[in-house]
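Please treat every number below as a calculation from the coordinates, not as lab data. Since we're looking at a predicted model, the values are computed, not measured. Backbone-built Cβ (ideal geometry, glycine too); neighbour counts: all protein chains shown.
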Amino acid sequence: RRHPNLDVADVAASFQAAVIDVLVTKLMRAARRAEVDTVVIGGGVAANSGLRARVAAAAEREGLRAVIPGRGLCSDNAATVAAQGSAHLLATARGQRFGNGYFDQTASVWGADGSVLATSHQVVYFKE
């Protein structure tokens, strides 16, 4: 709904800042709980310059190594998957529980021609 006193750019920037704050806070908390020395971001969201800068700064503050791939490697595969239209896709998903609330999750999607359309690999923490 439109509001005459709100600047859309300000609202968008505030939303982006809030999302980045939550992502970075949760990433650093997970790194501390898992007692790791390296954090990694990837996927389409990792192309966001604000997120990249905040992850790098937070990792440095926490004494962690941050691995942030070049923007060319931070693609969003939604358009590629959507371009397949009604063609058949093959997908796999796998999850493994490590204990203490940690899970390793992987997924892959292939097109009918055998081309890899998307992959995902995440270490996830679920509060029990």
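Label-to-label distance for Val45 and Lys26 is 0.6 nm, based on points extended 7 Å past Cα in the beta-carbon direction. Loop-located chymotrypsin sites (Phe, Trp or Tyr not before Pro) in the stretch 22-128 (DSSP state not H, G, I, E or B) with no more than 16 neighbouring Cβ atoms inside 10 Å: Phe126. Between Ser14 and Ala34, the FRET efficiency estimated from the beta carbon spacing at R0 = 22 angstrom works out to 0.10.
The overall shape of the chain is oblate: from the C-alpha gyration tensor, with semi-axes ordered a ≥ b ≥ c, the ratio a/c is 1.5 or greater and a/b is no larger than b/c. Quick one: net charge of Ser120's neighbours, Cβ under 14 Å, K/R +1, D/E -1? Overall, the nearby charge balance is -1. Across the options Gly99, Val109, Gly50, the greatest Cα extent toward the positive end of the charge dipole of the chain (unit charges at beta carbon of Lys, Arg, Asp, Glu) belongs to Gly99.
Mind telling me which of Asp113, Asp76, Asp21 comes out most flexible in a GNM of the chain, alpha-carbon contacts under 10 Å? Of the options given, Asp113 has the highest mean-square fluctuation.
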